[in-house]
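For reference, the structure is listed below as C-alpha cells.
The values are calculated or read from the model by the stated rules, or taken from the named source; none is laboratory data. The shown structure was predicted, so the numbers you read here are calculated from the model rather than taken from an experiment. Reconstructed Cβ throughout: ideal geometry from the backbone, glycine too, with neighbour counts over all protein chains shown. Quick note on the areas: whole protein, heavy atoms, side chains included, nothing else; ligands and nucleic acids left out. Shrake-Rupley method; radii C 1.70, N 1.55, O 1.52, S 1.80 Å.
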Amino acid sequence: MEDLHFYTNPQSRGCIIRWMLEETGVPYETHLLAYGSAMKAPDYLAINRMGKVPAIRHGEAIVTEVAAICTYLAETFPQAGLAPTPGERADCYRWMFFAAGPLEELVTNKELGFEVPPKRQGMMGYGRAEDVAETLEEVLTGRPYICGEHFRAADIYFSSQLIWCFNSGAIEKRPVFEAYADRVSDRPALKRATRLDEEALARMKASAA
Ligand SMILES: N[C@@H](CCC(=O)N[C@@H](CS)C(=O)NCC(=O)O)C(=O)O
C-alpha cells in the first residue's frame, strides 16, 4: 500500500490531479478541504504554505503545482505508462511548461478581464492570443496526442489548460482543439475521476448544510 495522500477541493485544479491519480491506478487517500479556513489552517499550511490545493504527500515527499504533481506521479509510477519515452521528452517538457506558463497567464488574464497593452505584449510569455492559437493548431495537427502517438501525463495537464483556454474565450475554439479534447475526454479514468469529484462535492455540501 502506497503512503499516498491527495489534498483537494472538488471544485479546483485538483480535478486534474484526480484524473492523473485515476490514470495511475495507484491507491491513494483523499483529504477534502473547503475553501477558506480549512485551506489556511496550520495542519494544511504544513503541507502547502500557500494554503492552496491541490497537493500530494507521498511518504515524506510533498509536491504542489499541478504540472509538477503530474510529472512526479508519471515518473514515480512508470508502470502506468504515462511518463514520456526518451524520444518524447522534448515535446513533453516543452508543452507541459507552455501550459503551466503562457497558457495559464493567458487564461487568467482573460478571466480577470485584463488586457495587455500591445506595447507590453513582448514581456508576456504568451505574447498574443492569436499566436498561441496558431502555435497550438500547428502542434496538434497530424498527431493524436501532445507528445506524438501515445497518451501521456502531459496530455492530462495540457488538455485541461487548453480546454480552460477555449471555454473561457481566451483563445478561439478550433476543430483541431475540439477533436483533441474529445479524444482525451473519452478516457475511463477521467470518467471515474469526474464521478469521484461529484460524489465528494455532494458530501461536502451535505456536511456544510
Ligand atoms: N499554481 C497552482 C495553483 C493552485 C491554486 O491556485 N489553487 C486554487 C484552486 S484551483 C486554490 O487553492 N485557491 C484557494 C486560495 O488561494 O485560497 C497549481 O498549479 O497547483
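Things worth noting here:
- Selected residue (only one of A100, A38, A67, A34 is in contact with a strand residue (DSSP E or B) (Cβ under 9 Å, 6 or more places away or on another chain), within 15 Å of the ligand (Cβ to nearest atom) and not basic (K, R)): A38
- Tallying residues that are over 17 Å from A61 (Cβ atoms), open to solvent by less than 20 Å² (accessible area, probe 1.4 Å) and more than 9 Å from the ligand (Cβ to nearest atom) within the stretch 9-30 yields 3.
- Close pairs from the stretch 33-50: first modelled with pLDDT of 95 or more, partner open to solvent by 80 Å² or more (accessible area, probe 1.4 Å) and within 12 Å of the ligand (Cβ to nearest atom), Cβ under 8 Å, at least 6 apart: M39/K52
- Tally of residues being part of a loop (DSSP other than H, G, I, E, B) and either surrounded by fewer than 17 Cβ atoms within 10 Å (Cβ to Cβ) or in contact with a Phe, Trp or Tyr (Cβ under 6 Å, 6 or more places away or on another chain) (or both) across the stretch 113-153: 16
- Flag for E199 being part of a helix (DSSP H, G or I), under 22 Å from T24 (Cβ atoms) and open to solvent by 60 Å² or more (accessible area, probe 1.4 Å): yes
- Complete set of residues in the stretch 64-104 that are of a type in the set (A, V, I, L, M) and open to solvent by less than 40 Å² (accessible area, probe 1.4 Å): V66, A67, I69, L73, A74, A80, L82, A83, M96, A99, L103
- Qualifying residue in the stretch 61-79 (condition: over 17 Å from R13 (Cβ atoms) and touching a Gly at 6+ places or on another chain (Cβ under 7 Å)): no
- Test: residue in the stretch 169-185 that is open to solvent by 30 Å² or more (accessible area, probe 1.4 Å), in contact (Cβ under 8 Å) with a residue 60 or more places away in the chain and touching a helix residue (DSSP H, G or I) at 6+ places or on another chain (Cβ under 8 Å): no
- Condition check for V176: touching a Pro at 6+ places or on another chain (Cβ under 8 Å), in a helix (DSSP H, G or I) and either assigned by TED's automatic domain parsing to the domain that holds D91 or small (G, A, S) (or both): no
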